[in-house]
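Laboratory data are not the source of any read-out in this text; all were calculated from the coordinates shown. This is a predicted model, so every value here is computed, not measured. Backbone-built Cβ (ideal geometry, glycine too); neighbour counts: all protein chains shown.
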Amino acid sequence: MKNNDKETTNEQIMTESAAEPTLMVGVHLRSEVDPRFTLEDSLQELALLAETAGLETVGEVTQNLSAPNSRTYVGKGKLDEIKLLADELDAKIILFDDELSPRHQRELEKELGDSKRVIDRTALILDIFAQHANTREGMLQVELAQYRYRLPRLTGAWTHLTRQTGGASGRSGAVGGVGLRGPGETQLEVDRREIKKKIVKLEDELDKVREHRNRHRQQRRKSNIPVVALVGYTNAGKSTLLNKLTNADIYVADQLFATLDPTTRQLELPSGETVLLTDTVGFIQKLPTDLVAAFRATLEEIVEADLLIHLVDASHKNAQSQRLTVLETLEEIGATDIPILTVYNKIDLLNPAEIEDLHKIAEPNSVFISALTGEGLSELAEAIAVGTYQTFVHVKVKLPYSEGRLVSLMHEKGHVRDMQHLEDGILIDGMLPRQLLASFEAYRI
């Protein structure tokens, strides 16, 4: 049976189609209105994503709907318009701004024909992550997210899957050398089983990565150095800030998701104290759920931090909307109990009146900087010192050996400077979060 281009997997599609003309399609669903981002805003971001992936956007089509069409997502008339415009612009890729269901993708591919490839926002983001992941951990995370995305879409992505595999031995058409369960099993069932096996294998490998990260975090805890995580919307300037503060050499580019893999560097504060500063993956609206799940090990770096620096691109017209999107994602991953220092970056791109307006709406104790020029970085360093050390209180306690729980709590939440094991207890000198003082009050000396 003939195999056509639809057999190409999602990550291959983007690589092979680099610079091919792309028509964007955006749908404004009245039932799912997000007042923070207009359809125009979302399509502008989609165009940046497409550019980052190496695609050339040549036009866009939009539609307002109460709900997606059950078969083709857009209405029949709009689908005809997409066909005509795609032919007129010689667009080879039809890029939808939302995640398409497997049925939507399958029906759209049928309607648009073999000469057009239908890709949604999620597939595009997954491809960008695949291009930018440099470490083994990053590659594993992206691969897992891609397989999870691909599994329910096999019937729409690979047209050869409807054929039957025959043979008495049941081995004809096996994928990757794996035999079939019996004659008559469809290639679709084989591929589904094979992908499920790969997902399990990747999850096991990432669990090992998670355990490795946990060990590293425990070692960092023993060093009693606070951890500060940089979080923010993609392209807010986190890598530039890390480079500027720590003289690191992290790759920086004016594009979305330029860096994915977390990087940690030591930062010496003006007070002489040291913190560990970690750059993390940027957030974005409509961030694929599978991607968040796959990056669990990396995102735990955020959850385990002592302080979060929330970097906001002050020059972006949707700065406040992006800020709220990041806060929602932090809530989703369980990081709401960690102190957050809001830092507005790129103020070198604002005029004095715009900076004054920003001060009026910013959160209390916000810091205003330019990671590019260095403006405001001394104030930021002082704010980090306040956020990591001045919320701690210097204590000396003598804990009885029966209070192993408090000893563990001191190591986990505090910073132990010195510890001596005496006959009648453990003498500890260190720093403790102010909110935990009451638990240790009876043992203070």
Can you grab the distance from the C-alpha centre of segment 374-445 to the C-alpha centre of segment 264-284, Å, no decimals? 20
Cubic angstrom per residue, convex hull over Cα atoms of segment 5-132: 97
Taking R0 as 41 Å and r as the Cβ-Cβ distance between Glu375 and Asp418, the FRET efficiency 1/(1 + (r/R0)^6), rounded to the nearest 0.05, comes to 0.55
Over segment 5-132, relative contact order from alpha-carbon pairs under 8 Å, at least 6 apart, %: 34
Lysines within cross-link reach of Lys360: Cα-Cα under 23 Å, excluding same-chain residues under 8 positions apart? Lys317, Lys346
How far apart, in nanometres, would the label points at Arg36 and Arg71 be if each is projected 7 angstrom from Cα along the Cα-to-Cβ direction? 3.7
Label Glu354 and Gln320 with points 7 Å out from Cα along Cα→Cβ: what is the distance between them in nm? 1.6
Classify segment 255-382: rounded, prolate or oblate, from the alpha-carbon gyration tensor (a ≥ b ≥ c, eigenvalue square roots; a/c under 1.5 rounded; otherwise prolate if a/b is larger than b/c)? oblate
So Glu56 and Glu441, fully extended at 0.36 nm per residue minus their Cα-Cα distance, gain in nm 132.2 nm
Ordering of 122-129, 43-50 by packing [mean C-beta count within 10 Å, highest first]: 122-129, 43-50
FRET efficiency for Asn64 and Asn134, Cβ-Cβ distance as r, R0 = 60 Å, nearest 0.05? 0.90
Quick one: length gained pulling Leu29 to Lys110 fully straight, 0.36 nm per residue minus the C-alpha distance? 26.8 nm
Go ahead and run the numbers for FRET between Arg434 and Thr274, Cβ-Cβ distance against an R0 of 30 Å, rounding to 0.05. 0.90
